[in-house]
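Visitor: Before we start, here is the structure in question, set down as structure tokens.
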Amino acid sequence: MERALTSGRTGLPAALLLLLLAAPSIQAEEAPSAEGLWQGVIFYKRAELEVDMTVELARTAKGEWAGTIDIPSQKLEYHPLESVQVNGRDASFVLSRFSQHAKATIVSPFQGKLSEDGKTIQGEFIEGGKNRMPFLLERKGPAGSERARPPAPPVQALSASGEELKAAFNRDAGKTRLVLLLSPT
């Protein structure tokens, strides 16, 4: 019977020992985390109605997940998220808010998946538990990063005659447009 070559006291076959010694050191890469500041969009109707949002996900001192959401079009800023859960690359959280229009609390879950490179979270927003819309968040920095705020539109003073307003209105003459008249009465 042939005897396998072994290396000294370890009893490992010499070929395996050489393979282990020759292999480059393999470092285990850390899986990307959902913790961070995210900016993105809920796509109600792509290129027609898209709602901007900022989401911040972080762990508390107790190790539990927590988060906040900003939705400028709904005047939500640092609104706390509920039921924040992260399991591997799966992330979910719930936005609950009182709707003046519906006179009820609207509960809307987000269910998403963190990309392999950790740069995006993509998933589905279920408004009021009924209407399903896709959403996409892009990482903007670590949790606690300063949130970008859009600049306020400039205020333009009009002359007493209102010529600037007339010129702006007539600039699109012949095109379909929506006119909104506001009156203090």
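The values are calculated or read from the model by the stated rules, or taken from the named source; none is laboratory data. Here the structure is a predicted model, which means the values were calculated and not measured. Because the Cβ atoms are built from the backbone with ideal geometry, glycine has one as well, and the counts that use them run over all protein chains shown. To get the accessible areas, we keep the full protein, side chains included, count just its heavy atoms, and leave off ligands, DNA and RNA. Shrake-Rupley method; radii C 1.70, N 1.55, O 1.52, S 1.80 Å.
Visitor: Output the residues belonging to region 72-93 that are among the small types (Gly, Ala, Ser) and over 24 Å from PRO32 (Cβ atoms).
Guide: The answer is SER73, and nothing else.
Visitor: Quick test for you: out of LEU181, LEU165, LEU158, pick the one residue that is in contact with a helix residue (DSSP H, G or I) (Cβ under 6 Å, 6 or more places away or on another chain) and free of Cβ contacts under 8 Å to residues at least 40 places away in the same chain.
Guide: The match here is LEU158.
Visitor: Residue under question is SER159, and the condition is that it be open to solvent by less than 60 Å² (accessible area, probe 1.4 Å), more than 20 Å from ILE42 (Cα to Cα) and assigned to a loop (DSSP other than H, G, I, E, B); does it hold?
Guide: On the way: open to solvent by less than 60 Å² (accessible area, probe 1.4 Å): yes; more than 20 Å from ILE42 (Cα to Cα): yes; assigned to a loop (DSSP other than H, G, I, E, B): yes.
Taking the combined requirement at face value, the residue satisfies it.
Visitor: Let me ask something else about it. Which residue pairs have Cβ atoms under 8 Å apart, sit 6 or more places apart or on different chains, and have a first residue in region 26-41 that is farther than 16 Å from GLU116 by Cβ and at pLDDT 95 or above and a second that is open to solvent by less than 100 Å² (accessible area, probe 1.4 Å) and assigned to a loop (DSSP other than H, G, I, E, B)?
Guide: From region 26-41, the pairs are GLU35/PRO142; GLU35/ALA143; LEU37/PRO142; LEU37/ALA143; LEU37/GLY144; LEU37/SER145; LEU37/ARG147; GLN39/ALA148.
Visitor: Quick check, is ASP52 in a strand (DSSP E or B), charged (D, E, K, R) and in contact with a Phe, Trp or Tyr (Cβ under 8 Å, 6 or more places away or on another chain)?
Guide: No, not satisfied.
Each row is one residue, and each column tells you yes or no for (1) of a type in the set (Phe, Trp, Tyr); (2) farther than 22 Å from GLY128 by Cβ.
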| position | (1), (2) |
| --- | --- |
| SER33 | no, yes |
| LYS45 | no, no |
| MET53 | no, no |
| ARG59 | no, yes |
| GLY63 | no, yes |
| LEU76 | no, no |
| VAL84 | no, no |
| PHE93 | yes, no |
| PHE98 | yes, no |
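Visitor: A further question follows. Might you let me know whether region 128-135 holds any residue that is of a type in the set (Phe, Trp, Tyr) and more than 29 Å from GLY63 (Cβ to Cβ)?
Guide: Of region 128-135, the ones of a type in the set (Phe, Trp, Tyr) are 135.
Retained after the next criterion (residues that are more than 29 Å from GLY63 (Cβ to Cβ)): none.
No.
Visitor: In region 106-127, which residues are more than 15 Å from MET53 (Cα to Cα) and hydroxyl-bearing (Ser, Thr, Tyr)?
Guide: The one that is more than 15 Å from MET53 (Cα to Cα) and hydroxyl-bearing (Ser, Thr, Tyr): SER115.
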